[in-house]
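Participant: My questions will all concern the structure given below.
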Amino acid sequence: MNPEELLQKNVSHQLTAEAHGHDVRVCMGAGCMSLHSDQIKSALTAQVKQHGRDKSCHVKGVGCMGLCAAGPLVSVEPQGVLYKEVTEEDAGEIIDSLNKAPVARLICPTDTPFFQNQMKIVLENCGKIDPERIEEYVNADGYIALIKALTEMTPNDVITQVMRSGLRGRGGGGYPTGLKWTTVAKADGTQKYVICNGDEGDPGAFMDRGVMEGDPHRLIEAMAIAGYAVGADTGYIFVRGEYSMSVKRLRKAIMQAERQALLGKNIFNTPFSFQIEVRIGAGAFVSGEETALIACIEGRRGVPSPRPPYPAERGLWGCPTLINNVETLANIPSIIRNGADWFSNIGTRTGKGTVVFAMTGRVQNTGLIEVPMGTPLREVIFDIGGGVPDGGTFKAVQMGGPSGGCIPEQYLDMPIDFDSLLEIGAIMGSGGMLVIDDSASMVDMAKFFMEFCRIESCGKCVPCRVGTVQMHELLIRFSEGTATERDLVLLEELCDLVRHTSLCGLGQSAPNPVLSTLRYFRHEYMAQIRPDFGANGVDTHESRSTS
Amino acid sequence: MKTVKSAAPSTDNRWRIVDAAMRRLGFQPHALIETLHVTQETFGFLDEDALRYIAATLGVPLSQVYGVATFYRAFTLKPKGAHHTCVVCTGTACHLKGLPEILAALEAELGLSPGGSTPDGKAALMTARCLASCGLAPAAVFDGKMVGNLTSATALKRIRQWVEHES
Amino acid sequence: MNPGVRVKTFKIDGLDVAGREDQTVLDVATEHGIPIPTMCHLEGLTSVGACRLCLVEVVGRSRLLPACVTPVEEGMAVVTNSERLQNYRRMLLEMLFVEGNHICAVCVSNGHCELQGLAQTLGVTHVHFPYHYPDRPVDASHSRFVVDHDRCVMCTRCVRVCNEVEGAHTWDVMGNGANVRVVTDLNEAWGRSETCTGCGKCVHVCPTGALFEKGHSVAEMLKKRQFLPYLTAMRRRQ
Amino acid sequence: MSKARLATIWLDGCSGCHMSFLDMDEHLVTLSEQADLVYSPYVDTKEFPKNVDITLVEGAIGNTEDLEKVRKVRANTRILVSLGDCAVTGNVSSMRNTFGVERVLKHAYEETATLNAQIPKIDIPLLLERARPIHEFVTVDVFVPGCPPDAPTIAYCLDELLAGRTPDMNKYTRFGK
């Protein structure tokens, strides 16, 4: 298929869409699906049939619409009406009202900060297009960037654009994406690989899932562009095993792209060939770490290896390998389509573009959101998020999951970007944003994340394997109120040890939730301490020694 | 292209599903995790025979197969603590021909639900996506033995036998 | 020396040293008689950087680097023995003591154990973290050898020597986190292993009394390591 | 200068460390010129005295009585020395820890008993769930590992302490020695 043909296809689909008259979109994101939005979709389809509107109305499932708190969500286009908390029984009324006034009791207002203050690049198609139809992606300017890259740009041009855009990795570290691409492009070797890291394992994070399930073609396009830029002919999307819907949608999307010759040999009749395979994780958090992920794809135990060598030089099967996370790659088509300058004008000096958050916990509008870098946390939590519900008081926001930290009230006006978060002991990282109110104990929070790290430690290096067990045991004592002052000393020693001596990022960041809660909420730890090793050094602690 | 090197552990049709998975990835050692996924989906868990067969076919050392199978949480070598396992097929044909009724009966009579075990822990119930025995639907595997045309009564009888014999 | 391999000059603890670019910091330090403690590393096996005892500081880098896998670089300044490093090493050793059941007094390797030896060299007179007391098995099913998991420090030398030198790959690691353990074949009794050649290489590279020969009492098990450099040299000749 | 007050006590251990103490032979004479042995299995004092300068504690904390004793020692001692591996690491005493008290008692008093098998229930201190090193219960000032630490090690340790110095035990002993 040449660019013209593709364009034609694009137009023809647009025509059929217009012929439909109405687009009824049902959110099929994980949140709404758990409230049986698939049954609502069936009910709506049945109603369309019953109303004899098959020709003028099209019911479709779409990716996450964002406001999970108000799900199940249904939107009607072109009116631009959003319905919340829809049930199967509402289907008739919704279809009935298509040419009349919308169903008032179901309307979810969209002139609120939740919808108005967001900026969508990564999620631009999520909740709008049917992720299982390539036509809808193409219709939304999909694959334009790939055509542009392959027909108008050299691989070097592509890298230059990515470099100039200022895009930084969204997987945790914030490493400049363009620099990573350059390294792989320049690395010796005829065989190179591109890996999309979709092993989103943080508890409370579902940004990548939103993209993989809501806009899978976006990733395929991005990976092909990356493959072209660095000189790779094969890509792997590594998806965590729990995301069966992501796997299904991605596999379907790959098949569709292959059928349209957007993947495979000589794409657009250029010398560039690229194929993509989905690989499924098997339930190990640590396999999100680059070197562990490679081991996993190679069919080995997913344990990290020391870096250097970095995967960019020696990665999958010893070949130079580009590993980018889902959200990072999802930015690429927009950057190539709109240019580096467009992208670098969004955000802050050191953090360009937008950032996607999975907002959860004690906040009104839980869901998936995307805001420009530099948006103050207060705006995200209180305007977009709607603040703490039920008269609760905000206490902290936990960012970055088990690798991240807690941010207290006093830093809420700080603009979100990589460096500012790092400074106060949190990380942008995984994009999980857990709002905590004053009913929660920070010690329990730290204990929860430490238990996670203890279970997820791969067991290879000593400090993480043993240290996480030790820290978790100590945190249990704090949470039970049986800790001693000596335990606090041990806890701090262990945090320091595990942080500085662990082999990989999982271990190095495992103490973060403890360190940041100790930093801002130390009094909560102190309140859990019993008098210990008194003046004469006698431990009055009995709980661990009764028979 | 390589063909299957070692003979499947049994004449069970389900090994064809496993073979197909290994063939798709060219019987390469890196197919290990994919193969374990497929095997577990097919059989409900990974027993020693399966691990040996996969190791031999993919040319991966036994201990490495074991190391991988125990590293990832998705894999189960044996239903925890249970002596006996019943793997029911949840494929379309079995579903249509009465699996839901059988599951309901097991739950009501024995307190046994998919992924769980009887209160005494002796028998575990697992599900597999498709046992590839649709002609015999509904089908289940009782301790490695395939049983077709299953009814609530026969399923209950078999599991009751396990539970009573052991006590 | 291979043609094309360049020599790098740098400093270790203030001393000017030189090493080939394919050498690690540990290689060069050892050549110059600068001691860096190690546990999982063993000359002749690939390095895995798992025990973290050989962590060193490199001036200008925030992260500590494991000397056993860090390639030498021109002009780098390595510090091997700062107080901070010594402190971490002592704590890492304590981690190894608490996670197993190391009863030196009744161990076949008492007096010849690398873990015990390091504790003395690095000044660990006691372990100030709570012990875990895990319930770990002893497997004496092999006709000549025993594995006592109580004494295993998960250095994986046995796994590597079996795979890389003997070529049998009888050993591997199972589980994850605190539950990792070395296993033979499908975690069957060692004596029933189909792949074990009974060569004993694993026993002799084991740093502690976790792997030992039958017939030895307390403090009697001496590990013979000469075979490893010998085999490496002989293979290079071929 | 008045003589230092020295005490020794034997908890969950085999008495080997106390034997080693006796092995100091003629050094005991030198020692007695500098210190009085105010409490010890070697002497006939019933109550642990007050204001002890140095106490050598042998053995782990294995039962409720050990725990009581070590607390009393700590409360009345200026320098508490953990003597030997049982006190320092738990050592052989702690080898029962992986099995649990019930199994241990059953094995010792029932399964291996030749006649009148029964688990003693009265007049004996209760076993703690686990035998643990002393420093997990009270602050320890000096650690002397070894099983047992030999006489010169103990002599060196005491000489240094009596001279007001901190002994560097690593030079003399290690776990299991």
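Participant: What range in chain C is the longest one free of trypsin sites (Lys or Arg not before Pro) that are in a loop by DSSP and have at most 15 other Cβ atoms within 10 angstrom? Let's see the in-between values first.
Facilitator: Working: sites that count: C:R6, C:R61, C:R63, C:R144, C:K214, C:K224, C:R225.
Between exposed loop sites, the widest span is C:64-143.
Participant: Mind checking which of D:I134, D:I124, D:I79 has the largest fluctuation in a GNM of chain D, springs on alpha carbons under 10 Å?
Facilitator: Top of the fluctuation ranking is D:I124.
Participant: Between the helical axis of C:83-99 and the dominant principal axis of chain C, each derived from Cα atoms, what acute angle in degrees is found, rounded to the nearest 10?
Facilitator: 10
Participant: Between the stretch C:133-178 and the stretch C:3-52, how many Å separate their Cα centres?
Facilitator: Centre-to-centre distance over Cα atoms comes out at 27 Å.
Participant: Could you point to the residue in A:S165, A:Q116, A:I144 farthest towards the positive end of the stretch A:84-172's charge dipole, with +1 and -1 charges on the Cβ of Lys/Arg and Asp/Glu respectively?
Facilitator: Toward the positive end, the furthest listed residue is A:S165.
Participant: Putting +1 on Lys and Arg Cβ atoms and -1 on Asp and Glu Cβ atoms, find which of B:L62, B:F27, B:G44 reaches farthest to the positive end of the dipole of the stretch B:15-71.
Facilitator: So the residue we want is B:F27.
Participant: Could you work out the mean count of beta carbons from other protein chains within 10 Å of each residue's beta carbon in C:178-191?
Facilitator: Partner Cβ neighbours, averaged per residue: 5.
Participant: Magnitude of the Cβ-charge dipole of the stretch A:23-78, K/R +1 and D/E -1, about the Cα centre, nearest 20 debye?
Facilitator: Details: 6 positive and 4 negative charges, 29 e Å.
Using only the charged Cβ atoms, the result is roughly 140 debye.
Participant: How far apart, in nm, are two points set 7 Å out from the Cα along the Cα-to-Cβ line at B:R23 and at C:R237?
Facilitator: Roughly 4.9 nm, to one decimal.
Participant: Taking 60 Å as R0, compute the FRET efficiency from the Cβ-Cβ separation of D:D123 and A:W317 and round it to 0.05.
Facilitator: FRET efficiency, D:D123 to A:W317: 0.30.
Participant: Please compute the per residue accessible area over the protein assembly as shown with all protein chains in place, 1.4 Å probe, rounded to a whole number of Å². Mind showing how you got there, number by number?
Facilitator: Details: 45380 Å² over 1129 residues.
Each residue of the protein assembly as shown exposes 40 Å² on average to a 1.4 Å probe.
Participant: Okay, next question. Check the straight Cα-Cα distances from A:K460 and name the aspartates and glutamates below 16 Å, setting aside those fewer than 8 residues away within the same chain.
Facilitator: List returned: A:E289, A:E290, C:E99, C:D172.
Participant: Measure nothing fancy, just the Cα-based angle from helix A:155-165's long axis to the longest principal axis of chain A, in degrees from 0 to 90, nearest 10.
Facilitator: Helix A:155-165 sits roughly 60 degrees off the main axis of chain A.
Participant: I would also like to ask the following. Taking the Cα centroid of the stretch C:53-130 and of the stretch A:109-149, what is the distance between the two, rounded to the nearest whole Å?
Facilitator: 53
Participant: Sort C:120-128, D:24-32 by packing, meaning the average of other beta carbons within 10 Å per residue, with the highest value first. Mind showing how you got there, number by number?
Facilitator: Details: C:120-128: 19.6, D:24-32: 13.1.
Listed from highest to lowest mean packing, they are C:120-128, D:24-32.
Participant: Could you name the lysines in cross-link range of B:K97, using Cα to Cα under 21 Å and dropping any fewer than eight places away on the same chain?
Facilitator: Leaving aside lysines fewer than 8 places away in the same chain, those within reach of B:K97 are B:K145, B:K157.
Participant: By how many nm would the segment from A:K248 to A:T270 lengthen if fully extended, with 0.36 nm per residue of separation less the alpha-carbon distance? Could the numbers behind the result be given before it?
Facilitator: Values: separation 22, 0.36 × 22 = 7.92 nm, distance 2.91 nm.
Result: 5.0 nm gained on full extension.
Participant: Nearest 20 debye, what's the magnitude of the dipole of the protein assembly as shown about its Cα centre given +1 on Lys and Arg Cβ and -1 on Asp and Glu Cβ? Intermediate values should be presented prior to the final figure.
Facilitator: Details: 112 positive and 130 negative charges, 502 e Å.
Computed charge dipole of the protein assembly as shown: roughly 2420 debye.
Participant: Report the calculated FRET efficiency for A:N156 and D:V104 (r = Cβ-Cβ distance, R0 = 60 Å), to the nearest 0.05.
Facilitator: On the way: r = 72 Å, r/R0 = 1.20.
About 0.25, to the nearest 0.05.
Participant: Roughly how many whole Å is it from the C-alpha centroid of the stretch B:57-122 to that of the stretch D:146-174?
Facilitator: 60
Participant: Could I ask something else about it? Quick check of the Kirkwood formula: for chain A, what is the inverse mean of 1/r over all pairs of different Cα atoms, in Å? Write down the numbers at each step before the final one.
Facilitator: Working: mean 1/r = 0.0406 Å⁻¹.
Every distinct Cα pair counted, the radius reaches 24.7 Å.
Participant: Separate question: What list of ³J(HN,Hα) values in whole Hz, one per residue of the stretch B:99-116 in order, does the Karplus curve 6.51 cos²θ - 1.76 cosθ + 1.60 (θ = phi - 60°) give from phi, with Gly and Pro shown as x?
Facilitator: So the J values, rounded to whole Hz, are 4, x, 5, 4, 4, 4, 5, 4, 5, 5, 7, 10, x, 10, 10, x, x, x.
Participant: Could I ask something else about it? Per DSSP helix of 4 or more residues, -39500 (n - 2.57); summed, then divided by the residues of chain C. What does that give at 222 nm, rounded to the nearest 500?
Facilitator: Working: 6 runs with 53 residues, N = 238.
The helix-only estimate for chain C comes to -6000 deg cm²/dmol at 222 nm.
Participant: Around A:F114, what is the net charge, scoring Lys/Arg as +1 and Asp/Glu as -1 over all other residues with Cβ under 14 Å from its Cβ?
Facilitator: Working: positive: A:K84, A:K120; negative: A:D111, A:E370, A:E379, A:D383.
Summing Lys and Arg as +1 and Asp and Glu as -1 gives -2.
Participant: Based only on Cα atoms, what Rg/Rh ratio does the stretch A:141-338 have, Rh being taken as Kirkwood's radius? Please list the in-between numbers first.
Facilitator: Details: Rg = 15.2 Å, Rh = 16.4 Å.
Rg/Rh for the stretch A:141-338 comes to 0.93.
Participant: While we're here: Report the label-to-label distance for C:N179 and A:E89 in nanometres (one decimal), using points 7 Å from each Cα along the Cα→Cβ vector.
Facilitator: Distance between the two pseudo-spin positions: 4.6 nm.
Participant: Next question, about the same structure. Need one number: nm distance between label points at D:E160 and B:A108, each 7 Å from Cα along Cα→Cβ, rounded to one decimal.
Facilitator: So the two model labels end up 7.8 nm from each other.
Participant: Roughly how crowded by other chains is peptide C:82-89, in terms of the mean Cβ count from those chains within 10 Å of each of its Cβ atoms?
Facilitator: Values: counts 0, 0, 2, 2, 0, 3, 5, 1.
Neighbouring Cβ atoms belonging to other protein chains average 2 per residue here.
Participant: To the nearest 20 Debye, how big is the dipole of the stretch A:141-338 about its Cα centre, given +1 on the beta carbon of each Lys and Arg and -1 on that of each Asp and Glu? Don't jump to the answer; show the numbers that get you there.
Facilitator: Numbers: 22 positive and 20 negative charges, 26 e Å.
It comes to approximately 120 debye.
Participant: Next up: If a paramagnetic tag sat 7 Å from the Cα of D:E26 along the Cα-Cβ line, which residues of the stretch D:151-176 would have the backbone N under 14 Å from that point?
Facilitator: Of the residues in the stretch D:151-176, none has backbone N under 14 Å from the label point off D:E26.
Participant: Would you kindly calculate the translational diffusion coefficient of the stretch A:20-110, applying Stokes-Einstein with the Kirkwood radius from alpha carbon pairs, for 20 °C and a viscosity of 1.002 mPa s, and quote it in µm² s⁻¹ without decimals?
Facilitator: Values: Rh = 12.6 Å.
Approximately 170 µm²/s, per Stokes-Einstein.
Participant: Taking 51 Å as R0, compute the FRET efficiency from the Cβ-Cβ separation of A:R378 and A:A261 and round it to 0.05. Mind dumping the intermediate values first?
Facilitator: Working: r = 49 Å, r/R0 = 0.95.
With a Förster radius of 51 Å, E is 0.55.
Participant: Determine which lysines satisfy two conditions relative to A:K248: a Cα distance under 24 Å, and not lying fewer than 8 residues away in the same chain.
Facilitator: A:K41, A:K60, A:K128, A:K265
Participant: For the protein assembly as shown, count all C-alpha to C-alpha pairs, find those more than 57 Å apart, and express that count as a whole percent of the total.
Facilitator: Roughly 22 percent, once rounded to a whole number.
Participant: Could you calculate, for the stretch C:7-81, the ratio of the Cα radius of gyration to the Kirkwood radius, expressed as Rg to Rh? List each step's numbers first, then the result.
Facilitator: On the way: Rg = 11.1 Å, Rh = 12.1 Å.
Ratio of gyration radius to Kirkwood radius: 0.92.
Participant: Nearest 10 degrees is fine. How inclined is helix A:442-456 to the longest principal axis of chain A, computing both from alpha carbons?
Facilitator: 70
Participant: If we count every other residue with Cβ under 11 angstrom of C:C40's Cβ, Lys/Arg +1 and Asp/Glu -1, where does the sum land?
Facilitator: Working: positive: A:K460, C:R52, C:R157, C:R160; negative: C:E114.
Residues close to C:C40 contribute a combined charge of +3.
Participant: Still on this model: At 222 nm, what value in deg cm²/dmol follows for chain A if DSSP H runs of at least 4 each add -39500 (n - 2.57) and the sum is divided by all its residues, to the nearest 500? Mind showing how you got there, number by number?
Facilitator: On the way: 22 runs with 224 residues, N = 547.
One gets -12000 deg cm²/dmol as the mean residue ellipticity at 222 nm.
Participant: Once you order the gyration tensor axes a ≥ b ≥ c over the Cα atoms, which shape class does the stretch B:64-148 get: rounded for a/c under 1.5, otherwise prolate or oblate by comparing a/b with b/c? Write out the running numbers ahead of the final one.
Facilitator: On the way: a/c = 2.24, a/b = 1.33, b/c = 1.68.
Judged from the Cα gyration tensor, the stretch B:64-148 comes out oblate (a/c at least 1.5, b/c at or above a/b).
Participant: Using the Cβ atoms and a cut-off under 13 Å, what net charge is assigned to the surroundings of D:S15, where Lys and Arg are +1 and Asp and Glu are -1? The partial results should precede the final answer.
Facilitator: Details: positive: none; negative: D:D12, D:D23, D:E58.
In short, -3.
Participant: Considering the zone a paramagnetic label at C:H216 would reach in this model (a point 7 Å from Cα along the Cα-to-Cβ line), which residues of the stretch C:80-109 have amide N under 15 Å from it?
Facilitator: Only C:104-109 fall inside the zone, counting backbone N under 15 Å.
The values are calculated or read from the model by the stated rules, or taken from the named source; none is laboratory data. Predicted model, so just to flag it, every value in this text is computed and none were measured. Here the Cβ is made from the backbone with ideal geometry for all residues, glycine too, and neighbour counts use every protein chain on show. Quick note on the areas: whole protein, heavy atoms, side chains included, nothing else; ligands and nucleic acids left out. Shrake-Rupley method; radii C 1.70, N 1.55, O 1.52, S 1.80 Å.
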